[in-house]
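Notes to accompany the following structure.
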Amino acid sequence: MADELKDVRQAATCNTITVEPCATCSKTTLSAINLENFLQITVTATVNNVCANKALVIGAVLCEQLGDVSNIISTQIFTRPAGTGTGCGSVTHDFVFVIPDTCRTDNRIFRATAVANYILNNTNCVCPCTSA
């Protein structure tokens, strides 16, 4: 099964994205794709006691268990800007992962987790990289 999935992943055309040191974002546009066999996994994460006036980031990680090894196969982030309220509450977000798949007879085992923290509003942050 692992070889079949490797073939599906290698068949996809990938854009190369080069990110320079200290860069904070990059963008690419993909060519049109054909419909393929994929598996959709939805992971719902809820963060409790979130202050309304603070920006929040939630990261989700999806791993696949292959024998004794758990491999990270996808990650996603969600950011919620700071609001104007003063209370605290829960924030829930659905992360939807689309994973290449093949017609198979055995089960695939996935593991998911999420982490969250406030986004610092520090615009005086200096890049730790040095120019040559």
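The listed residues are S74, S90, and the only one of them that is at pLDDT 90 or above and in contact with a Ser or Thr (Cβ under 6 Å, 6 or more places away or on another chain) turns out to be S90.
Restricting the first residue to the range 81-109 and requiring it to be open to solvent by 90 Å² or more (accessible area, probe 1.4 Å), which pairs with a second residue that is of a type in the set (S, T, N, Q) and modelled with pLDDT of 90 or more meet a Cβ separation below 8 Å and a spacing of at least six or different chains? These pairs meet every condition: V98/Q40; I109/Q65.
Tell me, yes or no, whether the range 116-125 has at least one residue that is open to solvent by less than 70 Å² (accessible area, probe 1.4 Å), closer than 23 Å to V61 by Cβ, modelled with pLDDT of 90 or more and assigned to a strand (DSSP E or B). Working first, answer last.
Kept after step one, since they are open to solvent by less than 70 Å² (accessible area, probe 1.4 Å), are these residues of the range 116-125: 116.
Checking the rest, the ones that are also closer than 23 Å to V61 by Cβ come to 116.
The next check asks that each one be modelled with pLDDT of 90 or more; those that pass are 116.
Subset that is assigned to a strand (DSSP E or B): 116.
Yes.
Here N49 clears all of (1) open to solvent by 60 Å² or more (accessible area, probe 1.4 Å); (2) at pLDDT 90 or above; (3) under 17 Å from the mean Cα position of the chain (by Cα); (4) not small (G, A, S) except the condition numbered (3). Under the condition of being open to solvent by less than 30 Å² (accessible area, probe 1.4 Å) and touching a residue at least 60 places away in the same chain (Cβ under 8 Å), the residues counted in the range 54-80 number 2.
The values are calculated or read from the model by the stated rules, or taken from the named source; none is laboratory data. Given the structure is predicted, the values throughout are model-derived calculations rather than measurements. Note that we place each Cβ from the backbone using ideal geometry, even for glycine, and neighbour counts take in every protein chain shown. SASA here: full protein model, heavy atoms, side chains in, ligands and nucleic acids out. Shrake-Rupley method; radii C 1.70, N 1.55, O 1.52, S 1.80 Å.
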